[in-house]
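The values are calculated or read from the model by the stated rules, or taken from the named source; none is laboratory data. Keep in mind that this is a model prediction, so the values were computed, not measured. Quick reminder, even Gly has a Cβ in these numbers, built from the backbone with ideal geometry, and neighbours come from all protein chains shown. Heads up: the accessible areas ignore ligands, DNA and RNA and are worked out on the full protein's heavy atoms, side chains in. Shrake-Rupley method; radii C 1.70, N 1.55, O 1.52, S 1.80 Å.
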Amino acid sequence: MAFRPSRLPMPSRYEHFLDNTDSYTQLQHGSRIIPVYSWGQGPVILGVHGWAGAGIQFGAWIEPLLEAGYRVVLFDAPAHGRAQGESTDLFEMASVISRVAASVGRVHGVLAHSIGCIAVARAIADGLQPSYLAMLAPPASVNAVMENLGRQLGLSPEVLAVHLQLMEERFGPSVWDQLDLEALSLSLTQRGLIVIDDDDTSISPAESQQVAENWPSAEVLRTSGLGHNRLLWSPMVVETVLRDLGRPVHSV
(Lines give C-alpha, C1' and ligand atoms only; values in the text may rest on other atoms or scores of the structure.)
Protein backbone atom coordinates (compact mmCIF):
# COMPACT_ATOMS: atom_id res chain seq x y z
CA MET A 1 0.00 0.00 0.00
CA ALA A 2 2.89 2.36 0.75
CA PHE A 3 4.06 2.12 -2.88
CA ARG A 4 0.65 2.00 -4.59
CA PRO A 5 -1.02 5.40 -4.55
CA SER A 6 -4.78 5.58 -4.93
CA ARG A 7 -5.75 7.42 -8.10
CA LEU A 8 -7.99 10.02 -6.56
CA PRO A 9 -10.47 11.78 -8.86
CA MET A 10 -8.88 14.81 -10.48
CA PRO A 11 -10.58 18.16 -9.75
CA SER A 12 -13.13 18.32 -12.57
CA ARG A 13 -13.28 22.13 -12.59
CA TYR A 14 -9.69 22.18 -13.91
CA GLU A 15 -9.70 19.17 -16.23
CA HIS A 16 -10.57 21.30 -19.25
CA PHE A 17 -7.07 22.76 -19.07
CA LEU A 18 -5.67 19.34 -20.00
CA ASP A 19 -7.51 19.49 -23.33
CA ASN A 20 -6.32 23.03 -24.03
CA THR A 21 -2.58 22.93 -23.46
CA ASP A 22 -0.07 24.94 -25.46
CA SER A 23 2.18 21.90 -25.39
CA TYR A 24 1.62 18.26 -24.51
CA THR A 25 4.46 15.76 -24.49
CA GLN A 26 5.00 12.22 -23.28
CA LEU A 27 8.23 11.30 -21.55
CA GLN A 28 9.38 7.70 -21.52
CA HIS A 29 10.47 6.75 -18.01
CA GLY A 30 11.58 3.16 -17.99
CA SER A 31 8.67 1.21 -19.41
CA ARG A 32 6.10 3.87 -18.53
CA ILE A 33 4.77 7.04 -20.14
CA ILE A 34 4.71 10.30 -18.17
CA PRO A 35 2.38 13.04 -19.48
CA VAL A 36 3.74 16.60 -19.36
CA TYR A 37 1.47 19.61 -19.88
CA SER A 38 2.58 23.17 -20.60
CA TRP A 39 0.87 26.55 -20.95
CA GLY A 40 2.32 29.93 -21.84
CA GLN A 41 5.76 31.35 -22.46
CA GLY A 42 8.37 32.78 -20.11
CA PRO A 43 10.23 31.56 -17.03
CA VAL A 44 9.10 28.03 -16.14
CA ILE A 45 7.08 27.33 -13.01
CA LEU A 46 6.90 23.58 -12.37
CA GLY A 47 4.13 22.07 -10.25
CA VAL A 48 4.84 18.89 -8.27
CA HIS A 49 1.84 17.10 -6.80
CA GLY A 50 1.77 14.96 -3.69
CA TRP A 51 0.99 11.28 -3.10
CA ALA A 52 -2.20 10.14 -4.84
CA GLY A 53 -2.43 13.56 -6.47
CA ALA A 54 -2.09 14.77 -10.06
CA GLY A 55 -0.54 17.71 -11.81
CA ILE A 56 -3.89 19.33 -12.60
CA GLN A 57 -4.42 19.89 -8.87
CA PHE A 58 -2.47 23.08 -9.61
CA GLY A 59 -5.21 24.14 -12.03
CA ALA A 60 -6.03 27.23 -9.98
CA TRP A 61 -2.50 28.50 -10.57
CA ILE A 62 -2.47 28.28 -14.37
CA GLU A 63 -4.25 31.49 -15.36
CA PRO A 64 -2.72 33.70 -12.62
CA LEU A 65 0.78 32.54 -13.54
CA LEU A 66 0.12 33.00 -17.26
CA GLU A 67 -1.13 36.53 -16.61
CA ALA A 68 2.08 37.22 -14.64
CA GLY A 69 4.16 36.14 -17.63
CA TYR A 70 5.24 32.65 -16.63
CA ARG A 71 5.15 29.31 -18.40
CA VAL A 72 3.34 26.66 -16.34
CA VAL A 73 4.49 23.04 -16.57
CA LEU A 74 2.58 20.23 -14.85
CA PHE A 75 3.03 16.46 -14.98
CA ASP A 76 1.66 13.27 -13.49
CA ALA A 77 4.20 11.11 -11.65
CA PRO A 78 4.22 7.33 -12.27
CA ALA A 79 1.04 5.65 -10.97
CA HIS A 80 -0.63 9.06 -10.59
CA GLY A 81 -3.20 10.92 -12.66
CA ARG A 82 -2.99 9.88 -16.31
CA ALA A 83 0.52 8.43 -16.03
CA GLN A 84 1.14 4.72 -16.51
CA GLY A 85 2.12 2.39 -13.68
CA GLU A 86 0.67 0.91 -10.53
CA SER A 87 3.41 1.71 -8.03
CA THR A 88 6.17 4.25 -7.42
CA ASP A 89 8.33 5.73 -4.66
CA LEU A 90 9.87 9.06 -3.72
CA PHE A 91 13.21 8.30 -5.34
CA GLU A 92 11.47 7.63 -8.63
CA MET A 93 9.37 10.76 -8.24
CA ALA A 94 12.55 12.80 -7.67
CA SER A 95 14.07 11.28 -10.79
CA VAL A 96 10.98 12.11 -12.83
CA ILE A 97 11.03 15.71 -11.58
CA SER A 98 14.60 16.05 -12.87
CA ARG A 99 13.64 14.44 -16.19
CA VAL A 100 10.70 16.79 -16.67
CA ALA A 101 12.82 19.81 -15.73
CA ALA A 102 15.50 18.80 -18.24
CA SER A 103 12.87 18.47 -20.97
CA VAL A 104 11.54 22.03 -20.57
CA GLY A 105 14.76 23.97 -20.03
CA ARG A 106 15.73 26.00 -17.00
CA VAL A 107 13.14 25.89 -14.22
CA HIS A 108 12.71 29.24 -12.51
CA GLY A 109 10.34 28.14 -9.75
CA VAL A 110 8.79 25.01 -8.27
CA LEU A 111 5.44 24.66 -6.51
CA ALA A 112 5.29 21.48 -4.43
CA HIS A 113 2.52 19.98 -2.32
CA SER A 114 2.72 17.56 0.59
CA ILE A 115 4.97 14.54 -0.02
CA GLY A 116 5.93 16.08 -3.34
CA CYS A 117 8.00 18.53 -1.26
CA ILE A 118 10.29 15.67 -0.20
CA ALA A 119 10.70 14.54 -3.81
CA VAL A 120 11.57 18.08 -4.91
CA ALA A 121 14.11 18.54 -2.13
CA ARG A 122 15.69 15.21 -3.12
CA ALA A 123 15.82 16.35 -6.75
CA ILE A 124 17.47 19.62 -5.68
CA ALA A 125 20.04 17.73 -3.63
CA ASP A 126 20.71 15.65 -6.77
CA GLY A 127 21.27 18.70 -8.97
CA LEU A 128 18.00 20.49 -9.83
CA GLN A 129 18.55 24.26 -9.51
CA PRO A 130 15.38 26.36 -9.38
CA SER A 131 15.63 29.95 -8.17
CA TYR A 132 12.41 29.83 -6.17
CA LEU A 133 10.55 27.14 -4.25
CA ALA A 134 7.12 27.14 -2.62
CA MET A 135 6.21 24.23 -0.37
CA LEU A 136 2.59 23.67 0.58
CA ALA A 137 2.14 21.52 3.70
CA PRO A 138 5.54 19.80 3.65
CA PRO A 139 6.06 16.74 5.89
CA ALA A 140 9.21 16.50 7.99
CA SER A 141 10.45 13.20 6.57
CA VAL A 142 9.41 9.98 4.90
CA ASN A 143 9.81 8.32 8.30
CA ALA A 144 7.15 10.65 9.71
CA VAL A 145 4.96 9.91 6.69
CA MET A 146 5.26 6.16 7.29
CA GLU A 147 4.43 6.57 10.97
CA ASN A 148 1.38 8.63 10.05
CA LEU A 149 0.32 5.95 7.53
CA GLY A 150 0.70 3.36 10.27
CA ARG A 151 -1.60 5.34 12.54
CA GLN A 152 -4.18 5.77 9.79
CA LEU A 153 -4.18 2.04 9.08
CA GLY A 154 -4.21 1.13 12.76
CA LEU A 155 -0.93 -0.80 12.53
CA SER A 156 0.70 -1.97 15.71
CA PRO A 157 4.25 -0.70 16.44
CA GLU A 158 5.52 -4.21 15.71
CA VAL A 159 3.90 -4.38 12.25
CA LEU A 160 5.09 -0.86 11.41
CA ALA A 161 8.63 -1.80 12.47
CA VAL A 162 8.57 -4.69 10.00
CA HIS A 163 7.45 -2.34 7.25
CA LEU A 164 10.24 0.13 8.05
CA GLN A 165 12.75 -2.71 7.97
CA LEU A 166 11.47 -3.72 4.53
CA MET A 167 11.95 -0.11 3.42
CA GLU A 168 15.59 -0.29 4.49
CA GLU A 169 16.07 -3.60 2.71
CA ARG A 170 14.64 -2.14 -0.49
CA PHE A 171 16.45 1.22 -0.51
CA GLY A 172 19.32 0.78 1.95
CA PRO A 173 19.75 2.05 5.52
CA SER A 174 20.39 5.61 4.30
CA VAL A 175 16.81 5.91 3.02
CA TRP A 176 15.73 7.89 6.08
CA ASP A 177 18.53 10.44 5.70
CA GLN A 178 18.04 10.77 1.94
CA LEU A 179 14.33 11.49 2.36
CA ASP A 180 14.54 13.60 5.52
CA LEU A 181 13.14 17.02 4.58
CA GLU A 182 14.16 18.55 7.90
CA ALA A 183 17.78 17.74 7.04
CA LEU A 184 17.49 18.50 3.32
CA SER A 185 15.97 21.90 4.05
CA LEU A 186 19.15 22.99 5.87
CA SER A 187 20.99 23.08 2.54
CA LEU A 188 18.30 24.82 0.50
CA THR A 189 19.61 28.11 -0.87
CA GLN A 190 16.54 29.09 -2.92
CA ARG A 191 14.26 31.93 -1.94
CA GLY A 192 10.99 30.40 -0.94
CA LEU A 193 7.76 30.17 0.97
CA ILE A 194 6.25 27.48 3.17
CA VAL A 195 2.47 27.44 3.54
CA ILE A 196 1.11 25.84 6.71
CA ASP A 197 -2.54 25.44 7.58
CA ASP A 198 -3.37 25.07 11.25
CA ASP A 199 -6.26 22.72 10.43
CA ASP A 200 -4.23 20.29 8.32
CA THR A 201 -5.03 16.78 9.57
CA SER A 202 -2.86 14.95 7.01
CA ILE A 203 0.50 16.60 7.71
CA SER A 204 1.12 18.00 11.18
CA PRO A 205 1.57 21.79 11.08
CA ALA A 206 4.40 21.29 13.59
CA GLU A 207 6.27 19.18 11.01
CA SER A 208 5.93 21.86 8.36
CA GLN A 209 7.04 24.50 10.85
CA GLN A 210 10.19 22.54 11.60
CA VAL A 211 11.03 22.42 7.91
CA ALA A 212 10.52 26.19 7.76
CA GLU A 213 12.84 26.77 10.70
CA ASN A 214 15.57 24.74 9.01
CA TRP A 215 15.30 26.54 5.65
CA PRO A 216 17.32 29.76 6.03
CA SER A 217 15.79 31.79 3.19
CA ALA A 218 12.13 30.75 3.47
CA GLU A 219 9.18 32.87 4.54
CA VAL A 220 6.12 31.32 6.18
CA LEU A 221 2.44 31.82 5.44
CA ARG A 222 0.13 30.47 8.17
CA THR A 223 -3.49 29.87 7.24
CA SER A 224 -6.47 28.24 8.93
CA GLY A 225 -9.57 26.47 7.73
CA LEU A 226 -8.05 25.23 4.46
CA GLY A 227 -6.87 21.83 5.64
CA HIS A 228 -4.43 19.83 3.53
CA ASN A 229 -5.78 20.05 -0.03
CA ARG A 230 -7.65 23.34 -0.21
CA LEU A 231 -4.27 25.06 0.06
CA LEU A 232 -3.90 24.12 -3.59
CA TRP A 233 -6.70 26.35 -4.85
CA SER A 234 -6.92 29.05 -2.19
CA PRO A 235 -6.87 32.50 -3.91
CA MET A 236 -4.98 33.92 -0.93
CA VAL A 237 -2.25 31.27 -1.21
CA VAL A 238 -1.97 31.74 -4.98
CA GLU A 239 -1.77 35.53 -4.63
CA THR A 240 0.81 35.32 -1.83
CA VAL A 241 3.07 33.03 -3.84
CA LEU A 242 2.75 35.29 -6.90
CA ARG A 243 3.80 38.27 -4.80
CA ASP A 244 6.62 36.27 -3.28
CA LEU A 245 7.89 35.25 -6.72
CA GLY A 246 8.46 38.94 -6.66
CA ARG A 247 10.84 40.23 -9.22
CA PRO A 248 9.54 41.30 -12.63
CA VAL A 249 9.64 38.59 -15.28
CA HIS A 250 11.94 40.61 -17.55
CA SER A 251 14.66 40.64 -14.87
CA VAL A 252 14.67 36.86 -14.38
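Run Leu186 past the list (1) surrounded by 14 or more Cβ atoms within 10 Å (Cβ to Cβ); (2) modelled with pLDDT of 95 or more; (3) of a type in the set (A, V, I, L, M) and report the number of the one that doesn't hold.
Going through the list (1) surrounded by 14 or more Cβ atoms within 10 Å (Cβ to Cβ); (2) modelled with pLDDT of 95 or more; (3) of a type in the set (A, V, I, L, M), Leu186 breaks only (1).
For Gln129, work out the one condition from (1) of a type in the set (S, T, N, Q); (2) free of Cβ contacts under 8 Å to residues at least 60 places away in the same chain; (3) crowded, with 21+ Cβ neighbours inside 10 Å it doesn't fulfil.
That leaves (3) as the condition not met.
Within the range 81-93, track down each residue that is open to solvent by 30 Å² or more (accessible area, probe 1.4 Å) and not in a loop (DSSP other than H, G, I, E, B).
Phe91, Glu92, listed by residue number.
When both residues are 6+ apart or on different chains and their Cβ atoms are under 6 Å apart, which pairs have a first residue that lies in the range 204-224 and is among the acidic types (Asp, Glu), and a second that is open to solvent by less than 60 Å² (accessible area, probe 1.4 Å) and at pLDDT 95 or above?
Listed pairs, sorted by first residue: Glu207/Pro139; Glu207/Ala140; Glu219/Leu193.
Quick one: in the range 134-151, which of the residues that are within 13 Å of the chain's Cα centre (by Cα) and in a loop (DSSP other than H, G, I, E, B) is surrounded by the fewest Cβ atoms within 10 Å (Cβ to Cβ)?
Here the answer is Pro139.
Please state which of the following conditions Gly192 fails to meet, knowing it meets all the rest: (1) crowded, with 21+ Cβ neighbours inside 10 Å; (2) in a helix (DSSP H, G or I).
Result: Gly192 passes all but (2).
When Ala102 is evaluated against the numbered criteria (1) hydrophobic (A, V, I, L, M, F, W, C); (2) open to solvent by 50 Å² or more (accessible area, probe 1.4 Å); (3) closer than 21 Å to Asp244 by Cβ, which criterion, by number, is the only one it fails?
The single condition Ala102 does not satisfy is (3).
Go through the range 93-107 and count every residue that is of a type outside the set (A, V, I, L, M) and without any contact (Cβ under 8 Å) to a residue 60 or more places away in the chain.
Final tally of qualifying residues: 1.
Looking only at the range 1-45, filter to residues that are free of Cβ contacts under 8 Å to residues at least 12 places away in the same chain and part of a strand (DSSP E or B); which one of those is most open to solvent (accessible area, probe 1.4 Å)?
Here the answer is Gln26.
Name the residue that is nearest to the chain's Cα centre (by Cα), counting only residues in the range 152-189 that are assigned to a loop (DSSP other than H, G, I, E, B) and under 25 Å from Val220 (Cβ atoms).
Leu179
Within the range 210-220, can you find the residues that are open to solvent by less than 50 Å² (accessible area, probe 1.4 Å) and not in a loop (DSSP other than H, G, I, E, B)?
Val211, Ala212, Asn214, Ala218
Could you please let me know if Thr201 is open to solvent by 20 Å² or more (accessible area, probe 1.4 Å), in contact (Cβ under 8 Å) with a residue 24 or more places away in the chain, in contact with a strand residue (DSSP E or B) (Cβ under 8 Å, 6 or more places away or on another chain) and not in a strand (DSSP E or B)?
no
Any idea which of Val120, Val110 is assigned to a helix (DSSP H, G or I), touching a residue at least 12 places away in the same chain (Cβ under 8 Å) and under 15 Å from the mean Cα position of the chain (by Cα)?
Of the residues listed, the single one that is assigned to a helix (DSSP H, G or I), touching a residue at least 12 places away in the same chain (Cβ under 8 Å) and under 15 Å from the mean Cα position of the chain (by Cα) is Val120.
Okay, residues lined up against (1) assigned to a helix (DSSP H, G or I); (2) open to solvent by 10 Å² or more (accessible area, probe 1.4 Å):
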site: Gly47; (1), (2): no, no
site: Ala52; (1), (2): no, yes
site: Phe58; (1), (2): yes, no
site: Trp61; (1), (2): yes, no
site: Leu74; (1), (2): no, no
site: Ala79; (1), (2): no, no
site: Ser95; (1), (2): yes, yes
